[in-house]
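Shown next, in structure tokens, is the structure this report addresses.
Derivation of every value follows stated rules applied to the coordinates shown; laboratory data play no part. Note that this is a predicted model, so its numbers are computed, not measured. Every residue, glycine as well, gets a Cβ built from its backbone with ideal geometry; the counts of neighbours run over all protein chains shown.
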Amino acid sequence: MSGSYVSTESRAAFDVAALLKGRRTIHEFTQEAVPEAQILHALDLACWVPNHHRTEPWRFYLLGAVARGRVIDLNTELVRASKGDAAAEAKRRRWDAMPGWLVLTCQLHPDAAREREDYAACCCAAQNLALGLWSQGIGLKWGTGKVIRTPDFLDIIGAVPGQEFAVGLFWYGYPAEVPQQARRPVQALTRIVA
């Protein structure tokens, strides 16, 4: 056997490592529409995360033009109230340029420990979503700003207040640019405890 042979398992491990290290948060997108089938594929991958008791607490909302417009209006007014007209209109222009929108929510639960576990599972789902999209050449930006914590936001997307909360507003599309990044060495972040 050749010394350059790489097993299927080794190749898959390399591909996963490359995907994990290569994925970036995308801030600038092209205006090319992403086919819905690609989004649904990534959403399916999002659901295959560790999930205590398999509660599957995540819900996904793909936003069309009307819902996006209403969210943009709501956010513009929030920015206007805190930062003034110029900042509000700049934010409106920025948000108007985002090609694809989706929201991830988490089901509420009366038991605080269970709700934390469910939220953690939803964050894992968000990572799977990002990786699933990135593997198809699609970028993502995960937003957690004030707008998603307003009751009007849940109403706009058709979520049920008192039964779920927004984990994030996600913009997606084909990257116009991919930023470079670096991380600290893992040794600087790790303690070995005897």
- line: Rounded to the nearest 5, the percent of DSSP beta bridges in the chain running antiparallel is 95
- request: Calculate the dipole size of the chain relative to its Cα centre from +1 charges on Lys and Arg beta carbons and -1 charges on Asp and Glu beta carbons; express the result in debye to the nearest 20.
  value: 700
- request: Grab the beta carbon distance between residue 111 and residue 67, set R0 = 45 Å, and tell me the FRET efficiency rounded to 0.05.
  value: 0.90
query: Hey, what angle do you get for helix 112-134 against the long axis of the chain, alpha-carbon based, 0 to 90 degrees rounded to 10?
result: 70
- request: Report, in whole Å, the centroid distance computed from the Cα atoms of region 62-105 and region 116-194.
  value: 18
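Per residue, what volume in Å³ does the Cα convex hull of region 29-178 take up?
113
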query: Label points 7 Å out from Cα along the Cβ direction at residue 25 and residue 146: separation in nm?
result: 1.9
message: Please enumerate, by chain and number, the lysines with C-alpha under 22 Å from the C-alpha of residue 83, excluding those fewer than 8 residues away in the same chain.
response: 91, 146
query: Using the beta-carbon distance between residue 17 and residue 41 and R0 = 25 Å, what value does 1/(1 + (r/R0)^6) give for FRET efficiency, to the nearest 0.05?
result: 0.70
task: Give me the aspartates and glutamates in straight-line cross-link reach of residue 21: C-alpha distance below 20 Å, same-chain residues under 8 apart excluded.
output: 9, 177
message: Name the residue from 193, 74, 181 whose Cα lies farthest towards the positive end of the charge dipole of the chain, charges +1 on Cβ of Lys and Arg and -1 on Cβ of Asp and Glu.
response: 193
query: With the contact rule set at Cα under 8 Å and sequence spacing of 6 or more, what percent relative contact order holds for region 29-178?
result: 38
query: Once Lys and Arg get +1 and Asp and Glu get -1 on their Cβ, which of 31, 41, 113 lies farthest toward the positive end of the dipole of region 31-169?
result: 31
task: Measure nothing fancy, just the Cα-based angle from helix 36-46's long axis to the longest principal axis of the chain, in degrees from 0 to 90, nearest 10.
output: 70
- prompt: Which angle between 0 and 90 degrees, to the nearest 10, do you get for helix 65-83 versus the longest principal axis of the chain when only C-alpha atoms count?
  reply: 70
